[in-house]
Amino acid sequence: MIVSPVRFEHRDCALGIGTATPRLSWQVVTGDPEWSQTAYELEFDGTVVRVDSAEQVLVPWPFEPLRSRSRATVRVRVACGEQWSGWSEPSTVETGLLSADDWSARFISPRTTDGPAPILTRTATLRPGIATARLYATAHGAYVATINGSRVGDEVLAPGWTSYQHRLRYQTHDVTSLLHEGENDLEVLLGNGWYRGRLTWSGQRALYGDRLALLAQLEVTYDDGSVEVISTDEQWSATRSGILEDDIYDGQRTDLRFVESTVEPVEVLDAELTGLVAPEGPPVRITEVLPAVEVWQSPSGRTLVDFGQNVVGWVRLRVRNAREVTVRHAEVLEDGELGVRPLRSAKATDSYLLADAGEAVLEPSLTFHGFRYAEITGAEVHAEDLEAVVVGTDLRRTGWFSCSDEDLEQFHRNVVWGMRGNFLDVPTDCPQRDERLGWTGDIQIFSPTASFLFDTAGFLSSWLADLAADQHPDGSVPWVIPDVLRTESPTAAAWGDAAAVVPWVLYQRYGDPRILERQFDSMRAWVDKIASLTADGVWRGGFQFGDWLDPTAPPDNPFAAKADPDVVATAHLVRSAEIVADAARVLGRDAEHYAALATRTREAFARHYVTSSGRVLSDAPAVYALAIEWDLLPTAAQREQAGQRLADLVRANGLRISTGFVGTPLITDALTSTGHLDLAYRLLLEKSCPSWLYPVTMGATTVWERWDSMLPDGSINPGEMTSFNHYALGAVADWMHRTIAGLAPAGPGFREITVRPRPHAALTHASARHHTPYGEASVAWRRDNGRFTLDVAIPVGTRATVHLPGAEQISIGHGQHSWTVADPCTEPEGPVSTVRELMDLPQLWAETVALLVEHGLGEDPADIARKAAPYLDFPPTELPVFLARENPNGAEVRRAVAELLS
Ligand code: BGC
């Protein structure tokens, strides 16, 4: 039996934690299927505390609260009855500076306020006998610290991006090994980062302030226990660096010929220290380095490089005897050259001035780009001279999916890469153009997928603290967090709903009620705000993004979705009110007000927007998906009819996707839950444009912003917003995990699990694995010779309900389980029976044949039917209904079938 070392809060590394009472979690592995925890003991500093409890995730700190800068080494052991396990390996937590009073340092800034990238320096003379040393640091801007020429830590763009007016993260670095007795050089480079750099497409700079500043406190503890503190104060000086320009959107220009400039005094600023917070999740780091795949000359004679993967980071290159080297970046090529139009005003260019002296390795330090391709000028380079340095928040990977369809697997890889690039300290919409903002709508829909693939608990709870901080006093929620758009009264459904949805998703996935507790006022304020916008129970009018980027909207008008934005808005009010009621129940608060609001709004929705036969205004797939999944249809019959109608619309559109940001994450669930699993699969596996797999057929390595960011002819979509790295439409991966593989949370933190794979003839196997807070859960199925085999493993501390095809539900405890039953999948109907059945529908048949002949599929009806059969995937008995609905005159069906066949 193995008990893992304890984990503190949601931190992988617990150095510099921001709480005096960190909660503890551990995992247990045992071969004994009957084992269950009845008690645990925690040990710290000779004190052992016993608690009779089955809980092993985020249990309360049982010892005296820790003080600032204190270390605690903790072990755990667990019991089932009187049988105790051995002690776990110890793990150590160390607090940061828990109160503003712990800082003797003050923010310092160069006297010359407008220069680029200054270096702040000081020499520290230390006595012999250094035992440990910590550097606590943060900046207005981004900082890179070195001690005696060695880099401190491995963070990129520290301190990251928060709502700086309210919250500024500081980092705790262990610098013991970098210091020595005698003189030590401390140097900190400051860049513009998000603080003073350009942000948004408006061209604005310095949205938080125009002075770069550093706050740093070096605390050296000697062997004799004495402590020396070296803080930023007037004893530091400022000097210039060789960095001439640095900007997140535009890139960095570095003069490597630069020699030491004059040293000037610094000014101590009167800046507040009250908003300083310790990080809750991991920092941005270099997470991978990819070699170049190919280097070649473009049609216009430029040197281009392909890294084979759309990434976020920068290019590292080795040059020889070069004077000035320029690196431009792009996600795609167009007409054989870099396709930079999607970057809009972002220059995404790094350049270097060199002294023409031999070999140099070049890379920036204060910027990042979204790119797969780069163009190099000023140096002759070969593939072996080039690397793509991948950066992003260094989240722990927790989720995997695989299946027998290679394109679907590639799509899933694209979702993972999209997340890696866009989880860069805040959850951004895209990483390449003049945007890269924490768009609320995008993460609202993607948070379930994100939380399966990586441990996002600390990352997103920190972002939610920014959301609450930037939320307006009237409850409205900015479109982007941190809020740099500063829109007046931002109340857009699906975007602002991130305030309610994201905390709820985190609670479901990580079982942490404190996230709900902390966000509750923010959640409630949002719902109160939007409830105040209703008339006769529905939320009408006002600015809405609606079902943003519905593929039928023209490239220059992404607002023009088929789904009525008011219907979308009212549906979201129901959902968020319900979430607030659920959260209130978890927290033991009064849920009644919000539960009643949800019920009233649901009734109003039905009254205004649902017909007695289950039609939902404006008869678009997205509104059916919302109405079905959020239970907005009053009767079972209406729900079934709505499901039928959704299925018809999906078929009529030739299985191509026709939803935007709002409908896309729900449509496969809505089809599944109304009995149209086959269509859900076919929609997901469709390859013609627009569809999830179309970009895969075009060689995509990330998820695109638009269904057709690149058009079938290889040209770039002419729309203003055409990113090739947007995670939003990848939100369907959550359905792949839950429904294709069949692994879903059913209780907070996966304490209860639903295992319900829904196999389909299109796949011979599928599997998913997830590191839940309790340990690894996995589901794998395969179809083979008429048999369906399911292998399941769930961790200690959880239970699962298993739905085996064609069998009763089974409740299981931890351990490995396996079953084999008859394969429930029927192979798709063969052409012959389809022909025969079609032949039974003479009037329809005549029309269909006429149409097919028109489309050049030949003259012979049997032959035509054989070719057409795979496209006419629904049971022929449904055809008359479908056709009557679609088109009493025949024109519509012509169009629909033509599309099916085109
Ligand atoms: C972003 C989106 C965002 C949207 C708002 C775009 O420019 O890239 O992903 O949600 O604006 O509608």
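Worth a mention:
- Cut-off 12 Å between beta-carbons: net charge of the residues surrounding Arg589, Lys and Arg +1, Asp and Glu -1: -3
- Contour excess over end-to-end distance, with Cα ends at Arg607 and Ser811 and 0.36 nm allotted per residue: 69.4 nm
- Three principal axis extents of segment 399-741 based on alpha-carbon atoms, in descending order, are 54, 47, 38 Å.
- Fully extending the segment from Leu587 to Leu711 would add 39.7 nm, taking 0.36 nm per residue of separation and subtracting the current Cα-Cα distance.
- Computed E for Glu55/Ser298 - FRET, C-beta separation, R0 56 angstrom, nearest 0.05: 0.40
- Two-decimal ratio, segment 396-521, of alpha-carbon radius of gyration to 2.2 N^0.38 Å: 1.09
- Residues in segment 301-320 reached by a label modelled at Arg397 [backbone nitrogen below 18 Å; 7 Å Cα→Cβ]: 308-313
- Under Karplus coefficients 6.51, -1.76 and 1.60, residue-wise ³J(HN,Hα) of segment 261-266 in Hz, glycine/proline x: 9, 5, 9, 10, x, 9
- Hydrodynamic radius of segment 644-789 per Kirkwood, over alpha carbon pairs, in Å: 16.6 Å
- Farthest positive-ward along the chain dipole, Cα basis, beta-carbon charges - from Val415, Val703, Trp539: Trp539
- Charge dipole of segment 100-277 about the Cα centre (unit charges at C-beta), most positive-ward option of Thr121, Thr274, Gly197: Gly197
- Directionally averaged projected area (segment 16-136, Cα convex hull): 12.5 nm².
- Label-to-label distance, nm, for residues given as Glu752 and Ser404 (7 Å Cα→Cβ offset): 3.3 nm
- Radius of gyration, Dmax [segment 565-624; alpha carbons; angstrom]: 13.2, 40
- Nearest-ten-degree value, helix 565-586 long axis tilted from longest Cα axis of the chain: 60 degrees
- Segment Arg514-Arg318, extension gain: residue separation times 0.36 nm, minus the distance between their alpha carbons: 65.7 nm
- Cα pair distances exceeding 23 angstrom across segment 284-393, given as percent: 21 percent
- Expressed as a fraction of 2.2 N^0.38 Å, the C-alpha radius of gyration for segment 77-208 is 1.42.
- Cα-derived Rg over Rh, computed across the chain with Rh taken as Kirkwood radius: 0.99
- Under the Karplus curve 6.51 cos²θ - 1.76 cosθ + 1.60, θ = phi - 60°, whole-Hz ³J(HN,Hα) for segment 432-442, x wherever Gly or Pro sits: 10, 8, 7, 8, 6, 10, x, 4, 5, x, 4
- Amide H contacts for Ser723 (H built 1.01 Å from N in the peptide plane; partners 5 or more residues away or on another chain; cut-off under 5 Å): Glu705, Arg706.
- Rounded to the nearest 20 debye, the dipole size of the chain about its Cα centre is 940 debye, using +1 on the Cβ of Lys and Arg and -1 on the Cβ of Asp and Glu.
- For the chain, the longest principal axis of the alpha carbon atoms and the long axis of helix 842-854 meet at an angle near 60°.
- With R₀ set to 22 Å, the beta-carbon distance separating Trp87 from Thr38 gives a calculated FRET efficiency near 0.80.
- Net charge contributed by nearby residues that have their C-beta within less than 11 Å of Gln309 (K/R +1, D/E -1): 0
- Applying the Karplus relation 6.51 cos²θ - 1.76 cosθ + 1.60 with θ = phi - 60° to segment 330-337 yields 3J(HN,Hα) values of 7, 7, 9, 9, 9, 6, x, 10 Hz, where x marks Gly and Pro.
- At R0 = 30 Å, FRET efficiency that the Cβ-Cβ distance of Glu640 and Thr764 yields, to 0.05: 0.45
- Taking amide H as placed 1.01 Å from N in the peptide plane, the amide H of Thr398 sits under 5 Å from that of Phe454, Asp455, each at least 5 places away or on another chain.
- Computed [θ] at 222 nm, helices only, for the chain once each DSSP H run of length n ≥ 4 contributes -39500 (n - 2.57): -7500 deg cm²/dmol
- Comparing segment 748-822 with the 2.2 N^0.38 Å rule of thumb, its C-alpha radius of gyration ratio is 1.08 (two decimals).
- With each label modelled as a point 7 angstrom along the Cα→C-beta vector, the Thr326-Thr801 pair spans 6.3 nm.
- Cβ-defined net charge surrounding Ile753, 13 Å radius [Lys, Arg +1; Asp, Glu -1]: +4
- Ranked packing of 364-373, 351-360, most packed first, by mean Cβ within 10 Å: 364-373, 351-360
- Lys, Arg +1 and Asp, Glu -1 on Cβ, resulting dipole of segment 40-111 about Cα centre, debye, nearest 20: 520 debye
Laboratory data are not the source of any read-out in this text; all were calculated from the coordinates shown. Note that the coordinates shown come from a computational prediction; the quantities given were computed from them, not determined experimentally. Positions of Cβ are backbone-derived with ideal geometry, glycine not excepted, and every protein chain shown enters the neighbour counts.
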